[in-house]
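Here is the structure we will look at, set down as structure tokens.
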Amino acid sequence: MKIIFILFPILMFTQTNITTNFIDSEINKIDFLMRKGEFDKAILKSYQILNNSKKINYSKGATNAYLNLSNTYMFNGNFKKSLFYLGFAEKEKYAQNNPYVKIRLMRQYSNNYMNVGLYDKSIKELNAILILSNQVKSHDSVKAKNISMAYSDIGWNYKNKKRYDSATIYLRKSINIVIKQREVTPLLQGIYLWDHILLSDVKIQQKKIDSAFFYITTVENSPKDFIGNQIYYFYKMKGLINFHKSNFNDAINDYNIAIGFAKKVKSVEELVNLYDLISQSYNKNNDIVNAIKYKDLYFRTSDSLEKEKKPIIENTVDLLLNNRRLRNDESQIGPYYSLVGVLFLVTIVIYFYKESKNKPQKTVIPSLKNELLIGNDRTNFDEIIQLVKTNDSSFLFHFLDIYPNFQDKLLEIEPTLQNSEIRFCALIFLQFSTKEIATYTYVLPRSIQTRKNRLRKKLNIPSDEDIYVWIRTLNLN
């Protein structure tokens with residue numbers, strides 16, 4: 001009994017005092033656990049944060065706990081639980097009218113879309129993040145993080161869609177955002193390295209092994225801590241490059257390291273892929289015993305994954321579409337008088353639009369030279385024109401580097417536009433005539449006219465609207 005009385009004050013003294021500052025400090029630990037791939041510990045810590053936040057009615061803590069649980073379960077492939085906690089996060093008071101939380105929510109939805117193969121919906125969500133990020137006033141590093149992550153994820157989606165040119169453009173955009181920062185945070189450094197790993201994957205798919213080697217070497221020469229829980233992807237890319245270079249022993253070594261990291265983060269899907277790749281390398285190395293061993297592992301793990309994955313994907317797709325439909329319904333204007341007000345405004349807009357149609361178009365659109373040189377120097381303009389005249393394949397990349405919103409606005413109207421169509425729109429924006437485009441691209445003028453007609457139909461450009469004026473107006477809005 002005496003011992004209890006002696007220890008009681010000590011126990012009271014060592015009890016953790018639950019405060020908002022304590023919870024905030026605990027939230028910061030989640031990212032560290034996630035980056036190390038310790039998902040079980042991250043889940044446990046998130047539940048503790050959620051429980052403590054509920055005790056003191058701390059909505060910020062609860063929102064972050066729900067978001068972290070959603071993110072962790074998504075990494076584990078449990079998309080249903082991920083969406084379950086995402087729904088709770090949306091309903092928290094702290095999440096209402098908070099643009100930073102809204103960005104996290106949209107990114108989480110975009111990731112879930114991508115994981116179940118709904119790439120166009122994921123890209124649409126990410127484009128909304130780009131718009132919101134540019135509207136919100138925030139610290140430079142926060143804004144850079146949100147924008148670079150969005151570009152990176154759009155690139156990832158395009159890689160999965162096998163649209164490798166688009167993937168390259170967006171991943172380079174993400175890299176350029178990081179490079180331009182005066183101070184690069186560890187998170188930005190991680191995004192920078194992740195973009196290089198993805199680019200190496202893109203170049204491997206395009207059979208450009210030297211380019212893939214260039215990108216992976218950048219990662220090789222950087223601290224691996226920044227890569228986080230997906231370091232297995234880095235070693236997988238190294239293995240693929242060595243395989244294509246016929247360095248089969250090195251490829252086997254890389255794949256074995258990748259398998260170890262994939263097991264640590266319990267990525268069964270990646271293990272399936274790695275078992276297949278290492279089996280191919282052993283086979284090329286004439287090690288038939290190990291080739292058969294890993295091929296057997298591949299088939300057994302693949303069959304098990306397929307049985308589990310198919311119903312999960314189907315249920316997740318239904319949940320995602322229903323969740324977004326409900327969110328869209330809730331955001332609609334409810335009161336009748338608001339609808340009347342909107343209709344009134346639309347009427348006014350239509351009136352002024354009709355009036356403006358009767359005025360010369362030159363009063364609406366500034367001269368091409370002035371428009372192109374706003375915020376850019378003459379050298380950039382001349383370089384772009386020269387790239388067009390030499391039919392240089394890098395034209396679109398340089399054009400979008402100067403006019404980053406041009407592609408986004410086109411894709412908002414028609415998300416299925418191909419790179420060749422976006423390039424064609426850029427040529428029209430630069431006021432090249434049908435004859436000039438035909439000359440520089442080695443195509444007959446009537447083929448260019450046909451492409452214009454198809455583009456007009458695809459973008460719903462009115463028949464009485466000049467396509468050159470329409471596209472230039474698009475970039476000014």
Quickly run through the stretch 94-129 and pick out the residues that are of a type in the set (Asp, Glu) and either open to solvent by less than 60 Å² (accessible area, probe 1.4 Å) or under 16 Å from LYS145 (Cα atoms) (or both). GLU125
Which residue pairs have Cβ atoms under 8 Å apart, sit 6 or more places apart or on different chains, and have a first residue in the stretch 79-93 that is crowded, with 21+ Cβ neighbours inside 10 Å and a second that is outside any helix (DSSP H, G or I)? PHE79/VAL116
Among the numbered criteria (1) within 24 Å of the chain's Cα centre (by Cα); (2) among the acidic types (Asp, Glu); (3) under 26 Å from SER138 (Cα atoms), which single criterion is violated by GLU26? (1)
Just the residues that are modelled with pLDDT of 90 or more, of a type in the set (Ser, Thr, Tyr) and open to solvent by 10 Å² or more (accessible area, probe 1.4 Å), please, taken from the stretch 51-78. TYR58, SER59, TYR66
Before we move on, is GLU421 open to solvent by 30 Å² or more (accessible area, probe 1.4 Å), within 18 Å of ASP382 (Cα to Cα) and outside any loop (DSSP other than H, G, I, E, B)? no
The conditions are (1) open to solvent by 70 Å² or more (accessible area, probe 1.4 Å); (2) not in a helix (DSSP H, G or I), and LYS457 fails exactly one of them. Which is it? (2)
Test: residue in the stretch 387-396 that is more than 30 Å from LEU118 (Cα to Cα), modelled with pLDDT under 85 and touching a His at 6+ places or on another chain (Cβ under 8 Å): yes
Examine the stretch 438-453 for a residue that is in contact (Cβ under 8 Å) with a residue 40 or more places away in the chain, open to solvent by less than 30 Å² (accessible area, probe 1.4 Å), more than 24 Å from LYS173 (Cβ to Cβ) and part of a helix (DSSP H, G or I), and state whether such a residue exists. no
Going residue by residue through the stretch 187-209, is there one that turns out to be within 14 Å of the chain's Cα centre (by Cα) and in a loop (DSSP other than H, G, I, E, B)? no
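The values are calculated or read from the model by the stated rules, or taken from the named source; none is laboratory data. As the structure is a computational prediction, the values presented were derived from the model and not from experiment. Note that we place each Cβ from the backbone using ideal geometry, even for glycine, and neighbour counts take in every protein chain shown. When the accessible area is computed, the model is the full protein with side chains, heavy atoms only, and any ligands, DNA or RNA have been set aside. Shrake-Rupley method; radii C 1.70, N 1.55, O 1.52, S 1.80 Å.
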